[in-house]
Every structure is written in structure tokens, then in C-alpha cells.
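The values are calculated or read from the model by the stated rules, or taken from the named source; none is laboratory data. None of these values were measured; they are calculated from a predicted model. Using ideal geometry, Cβ is built from the backbone for each residue, glycine included, and neighbour counts are taken over all protein chains shown.
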């Protein structure tokens, strides 16, 4: 008997833009080539119809691992303060891949359609108004320009 599954729908949740304070290259470790991108003192912005706020300066970063196959494995944690003063912890993993990835990591501005940059954000908050974030799955499409110390994402709720 065939199973019927609903087709997921993507609904825009917000756009996130953040500045990076520094990009530390730890070099080749037993796990792979490890780099750390730290959220800068400029923090960032979160803008969407149901959530607006700021990425808190210095609140986190990306513990990027370049694997032996050339794929970047993201491991990010940040804190968002909403415009109405709620705190939201955001964490996500993701994949950055493609022939253009070495150019991106080298600081070259590359068209985002030339590389794959996808994430799976999850949220944690005690704010009653935003408790719905604790119960959803999201996906993000990212891009970065290290020459401008900037990273951005469009985040979608999976319905």
C-alpha cells in the first residue's frame, strides 16, 4: 500500500545579515582543515514579517570544517535579540560546496549561484511570543563575501 506524505511548503521566515570580526585559520587538524569565523562587533540584522531584531555582537560564530572531499561543513551558533527585547538562540549546521568554494574562502566575491550553501537552523527561546520557533524546522540559503567580512541567509520555515 503506498504511503501518502504531504509535500513540504517553504515560507519565508527572515533574512539574516551579519558581519564577521575575524576569520581564524586553524589549519589541518585530525578532523580536517578547521576555520573559525567570529560574529563581529557590528553584529547583524534579522528582518522578517514575524521576527525582527539584531544578531548580538560577538555572540557566536561558525566552526567551519573543510573536509578531505573539499566540502565545507558549517557548525554555527548565534544569539538574536528581537526588536521587542526577546533573546533567541539560533544554531545550525550546513554544507558549503562547489568548485567556487576555494575562491569564496580566499576572499573573492563570488556569485552565490556558483556555489552550494545550505543550512538547517533550529531555535531555542523562553520568550512566550516566539515559542513557536521551538517547534519548527527551517532551511537556509546562504552566501558570503569574506572580502567584506559579511555573511547572509534567507531562512524559510518548512511547513
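Structure above, values below:
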quantity	calculated
Verdict on residue 72 being buried (at least 17 other Cβ atoms within 10 Å of the Cβ), touching a strand residue (DSSP E or B) at 6+ places or on another chain (Cβ under 9 Å), over 18 Å from residue 15 (Cβ atoms) and modelled with pLDDT of 95 or more	yes
Residue check, residue 84 in a loop (DSSP other than H, G, I, E, B), within 23 Å of residue 135 (Cα to Cα) and over 13 Å from the mean Cα position of the chain (by Cα)	yes
Any hit, region 134-144, residues being surrounded by fewer than 18 Cβ atoms within 10 Å (Cβ to Cβ), assigned to a helix (DSSP H, G or I) and touching a residue at least 12 places away in the same chain (Cβ under 8 Å)	no
Verdict on residue 81 being under 14 Å from residue 17 (Cβ atoms) and surrounded by 16 or more Cβ atoms within 10 Å (Cβ to Cβ)	no
Residue within region 109-129 that is at pLDDT 95 or above, within 20 Å of residue 21 (Cα to Cα) and in contact with a strand residue (DSSP E or B) (Cβ under 6 Å, 6 or more places away or on another chain) present	no
Complete set of residues in region 1-25 that are outside any loop (DSSP other than H, G, I, E, B), at pLDDT 95 or above and over 18 Å from the mean Cα position of the chain (by Cα)	none
